[in-house]
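K.L.:
Sharing a structure, written as structure tokens. Questions coming.
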Amino acid sequence: MRAAVLEGGRFRVREYADPLPGPGQALVETAACGICGSDLSAVAHTEDFLRASRDSGTTSFLFDPDRPLVMGHEFSGRVLAYGAGASGPEPGTGVVGLPWAVDTGGVVRTVGYSNAFPGGFGERIVVQAQALLPVPDSLDLASAALTEPLAVGFGNIARSAAGEGTPAVVIGCGPVGLGAIAALLERGAGPVVASDPSALRRAAAARLGAHAVVDPADGEHPVDPVARCVELAGAGARAMVVVNCVGVPGVLGALLHSVPRGTEILQIGGVMTEDVIRPVVGIYKDVTIRMCLTYPPQEFGATLTRLADGRIDPAVLVTGEAGFGGLDAAFASLRRPEEHIKVLIRPGLAGEGVTPV
């Protein structure tokens, strides 16, 4: 199969061995695959990324950086075949799925972060058959690739105390942050304040219905999103929920100082380096910090339904698309948040650039 193979920090399009489905697994032809913020971190900070996996005992993200790697875990595609003992949607059915596969040693691996299980930057992937869900006819198959990143936002809000009338702040309006905004609004939280230095991403947050959007980096008039939320909520408001979706050192520490008493902070953004906080500040204020990775598995299917029935417009998030040859350009553009929110990789597209959509 054709694939964009990561070698020496760059992507090279070449022929790559076809993956074969083992027992309980499915072979899927890639239709589209999103580029995740964790992909950017894994390429730019490979050693830190792998060290975090080793230090936490998380084997599912471990790979050998000296061997070729086909990344991509936010996939949609069509079922081609099944391995022994596996069943699921009929071959030819459009599907999305949780990006995991079990190796021959019984270890769960994340597709796209494993040298043995190539991801959606290749023409075919292998995943556990039970992880697949059929894509409803009402949803474009490429757009269905948004299910995984949006489910991270929805799923972690589902783990929080956010509910009707909860003041909330979302810091970082990439796809996960936008999913968190949509999830907060679905639960009746408010006011919901979105914060991002990118005008493009602030506009997307406003389109989703955020009650206020602020630029925390405006040189002349920077706005503290927490202070803005307190102002809008008024006296007697419920305890606040703050969702930090940026992987920038220092943000969590600053939040401990700025949030009101009783705040719950969801830390979703993966800081790849050491960070410093002053715990006693949070202790005195009864702040809860929840480090977020996993989420209730039912939220994956629920998020697919949200996309299919139109509660979330994919056009709010998808700002570009590229073929395998455009991966280097796509990664570079996503490191400039004023240019793109989500770039989908489409195997059939030619060229080495990113096409705006």
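The values are calculated or read from the model by the stated rules, or taken from the named source; none is laboratory data. As the structure is a computational prediction, the values presented were derived from the model and not from experiment. Glycine gets a Cβ as well: all are built from the backbone with ideal geometry, and neighbour counts include every protein chain shown. Note: accessible area is taken over every heavy atom of the protein model, side chains too, but ligands, DNA and RNA are not part of it. Shrake-Rupley method; radii C 1.70, N 1.55, O 1.52, S 1.80 Å.
K.L.:
Take E90 and decide whether it is outside any loop (DSSP other than H, G, I, E, B), open to solvent by 20 Å² or more (accessible area, probe 1.4 Å) and of a type in the set (D, E). First the steps, then the outcome.
P.N.:
Values: outside any loop (DSSP other than H, G, I, E, B): no; open to solvent by 20 Å² or more (accessible area, probe 1.4 Å): yes; of a type in the set (D, E): yes.
Judged against the criteria, E90 is not a match.
K.L.:
How do the pairs read when you match residues in region 208-221 that are under 11 Å from I181 (Cα atoms) and at pLDDT 95 or above with residues anywhere that are in a loop (DSSP other than H, G, I, E, B) and open to solvent by less than 50 Å² (accessible area, probe 1.4 Å), using Cβ under 6 Å and keeping only pairs 6 or more apart or on different chains?
P.N.:
From region 208-221, the pairs are H211/G190; H211/P191.
K.L.:
Would you confirm, using the coordinates I've provided, whether V193 is outside any helix (DSSP H, G or I), farther than 20 Å from L304 by Cα, open to solvent by 50 Å² or more (accessible area, probe 1.4 Å) and touching a helix residue (DSSP H, G or I) at 6+ places or on another chain (Cβ under 6 Å)? Give the steps one after another, and end with the answer.
P.N.:
On the way: outside any helix (DSSP H, G or I): yes; farther than 20 Å from L304 by Cα: yes; open to solvent by 50 Å² or more (accessible area, probe 1.4 Å): no; touching a helix residue (DSSP H, G or I) at 6+ places or on another chain (Cβ under 6 Å): yes.
For V193, the condition - outside any helix (DSSP H, G or I), farther than 20 Å from L304 by Cα, open to solvent by 50 Å² or more (accessible area, probe 1.4 Å) and touching a helix residue (DSSP H, G or I) at 6+ places or on another chain (Cβ under 6 Å) - is not met.
K.L.:
Can you name every residue in region 302-316 that is closer than 16 Å to A32 by Cα and crowded, with 22+ Cβ neighbours inside 10 Å?
P.N.:
Scanning region 302-316 gives L304, L307.
K.L.:
Among the residues of region 288-324, count how many are closer than 20 Å to G270 by Cβ and in a strand (DSSP E or B).
P.N.:
4
K.L.:
Can you find a residue in region 176-187 that is open to solvent by 10 Å² or more (accessible area, probe 1.4 Å), part of a loop (DSSP other than H, G, I, E, B) and out of contact with any Phe, Trp or Tyr (no Cβ under 6 Å at 6 or more places or on another chain)?
P.N.:
First pass over region 176-187, keeping only residues open to solvent by 10 Å² or more (accessible area, probe 1.4 Å): 176, 182, 185-187.
Checking which are part of a loop (DSSP other than H, G, I, E, B) leaves us with 187.
When the remaining residues are screened for being out of contact with any Phe, Trp or Tyr (no Cβ under 6 Å at 6 or more places or on another chain), the result is 187.
There is at least one residue in region 176-187 that is open to solvent by 10 Å² or more (accessible area, probe 1.4 Å), part of a loop (DSSP other than H, G, I, E, B) and out of contact with any Phe, Trp or Tyr (no Cβ under 6 Å at 6 or more places or on another chain).
K.L.:
Sticking with this structure for a sec: I need every pair where a residue in region 243-256 that is over 18 Å from C229 (Cα atoms) has its Cβ under 6 Å from the Cβ of a residue that is outside any loop (DSSP other than H, G, I, E, B), sequence separation at least 6 or different chains.
P.N.:
V246/I171
K.L.:
For region 143-169: of the residues being open to solvent by less than 10 Å² (accessible area, probe 1.4 Å) and assigned to a loop (DSSP other than H, G, I, E, B), which is nearest to S38 (Cα to Cα)?
P.N.:
A162
K.L.:
Another question, then. Go through (1) at negative phi; (2) at pLDDT 95 or above one by one and return the number of the condition E274 breaks.
P.N.:
Unmet condition: (2).
K.L.:
Search region 272-287 for residues being open to solvent by 40 Å² or more (accessible area, probe 1.4 Å) and assigned to a loop (DSSP other than H, G, I, E, B), and hand back the single one that is nearest to A168 (Cα to Cα).
P.N.:
Filtering region 272-287 down to residues open to solvent by 40 Å² or more (accessible area, probe 1.4 Å) leaves 272-280, 283-284, 286.
Restricting the remaining residues to those that are assigned to a loop (DSSP other than H, G, I, E, B) gives 272-278, 286.
Numbers: M272: 25, T273: 27, E274: 27, D275: 24, V276: 24, I277: 21, R278: 23, D286: 17 Å.
The selected residue is D286.
K.L.:
Only one of V251, V241 is more than 23 Å from L50 (Cβ to Cβ), surrounded by 14 or more Cβ atoms within 10 Å (Cβ to Cβ) and in contact with a helix residue (DSSP H, G or I) (Cβ under 8 Å, 6 or more places away or on another chain); which? Walk me through how you get there before you give the answer.
P.N.:
On the way: V251 fails: in contact with a helix residue (DSSP H, G or I) (Cβ under 8 Å, 6 or more places away or on another chain).
Checking each option against the conditions leaves just V241.
K.L.:
Let me ask you something else. Output the qualifying pairs, or none if there are none: Cβ atoms under 8 angstrom, residues six or more apart or on different chains, first residue in region 290-317 and free of Cβ contacts under 8 Å to residues at least 12 places away in the same chain, second residue open to solvent by less than 70 Å² (accessible area, probe 1.4 Å) and aromatic (F, W, Y).
P.N.:
Cβ pairs passing all conditions: none.
K.L.:
Let me ask another. Take region 125-146 and flag every residue that is of a type outside the set (A, V, I, L, M, F, W, C) and touching a Phe, Trp or Tyr at 6+ places or on another chain (Cβ under 9 Å).
P.N.:
Within region 125-146, the subset of a type outside the set (A, V, I, L, M, F, W, C) is 128, 130, 134, 136-138, 140, 143.
Matches in region 125-146: Q128 only.
K.L.:
Is it true that G77 is surrounded by 15 or more Cβ atoms within 10 Å (Cβ to Cβ), more than 25 Å from L150 (Cα to Cα), touching a residue at least 12 places away in the same chain (Cβ under 8 Å) and touching a Leu at 6+ places or on another chain (Cβ under 8 Å)? First the steps, then the outcome.
P.N.:
Details: surrounded by 15 or more Cβ atoms within 10 Å (Cβ to Cβ): yes; more than 25 Å from L150 (Cα to Cα): no; touching a residue at least 12 places away in the same chain (Cβ under 8 Å): yes; touching a Leu at 6+ places or on another chain (Cβ under 8 Å): yes.
Here the answer is no, as G77 does not meet what is asked.
K.L.:
So, in region 1-44, how many residues would count as being open to solvent by 60 Å² or more (accessible area, probe 1.4 Å), closer than 14 Å to P65 by Cβ and either in a strand (DSSP E or B) or in contact with a helix residue (DSSP H, G or I) (Cβ under 9 Å, 6 or more places away or on another chain) (or both)?
P.N.:
Final tally of qualifying residues: 2.
K.L.:
A further question follows. Which one of T288, T294 is polar (S, T, N, Q) and more than 16 Å from the chain's Cα centre (by Cα)?
P.N.:
Details: T294 fails: more than 16 Å from the chain's Cα centre (by Cα).
None of the other options fit; the residue is T288.
K.L.:
Checking the conditions here, which among R261, R228 is closer than 22 Å to T166 by Cα, out of contact with any helix residue (DSSP H, G or I) (no Cβ under 9 Å at 6 or more places or on another chain) and either open to solvent by 70 Å² or more (accessible area, probe 1.4 Å) or in a helix (DSSP H, G or I) (or both)? Before the answer, list the steps.
P.N.:
Working: R261 fails: out of contact with any helix residue (DSSP H, G or I) (no Cβ under 9 Å at 6 or more places or on another chain).
When all the criteria are applied, what remains is R228.
K.L.:
Identify all residues within region 104-122 that are open to solvent by 40 Å² or more (accessible area, probe 1.4 Å) and assigned to a loop (DSSP other than H, G, I, E, B); write none if there are none.
P.N.:
T104, G105, G106, V107, A116
K.L.:
Could you give every pair whose Cβ atoms fall below 6 Å, whose first residue belongs to region 82-98 and is under 11 Å from L132 (Cβ atoms), and whose second residue is at pLDDT 95 or above and polar (S, T, N, Q), counting only separations of at least 6 or pairs across chains?
P.N.:
Pairs found: A86/Q25; V96/S76; V96/T147.
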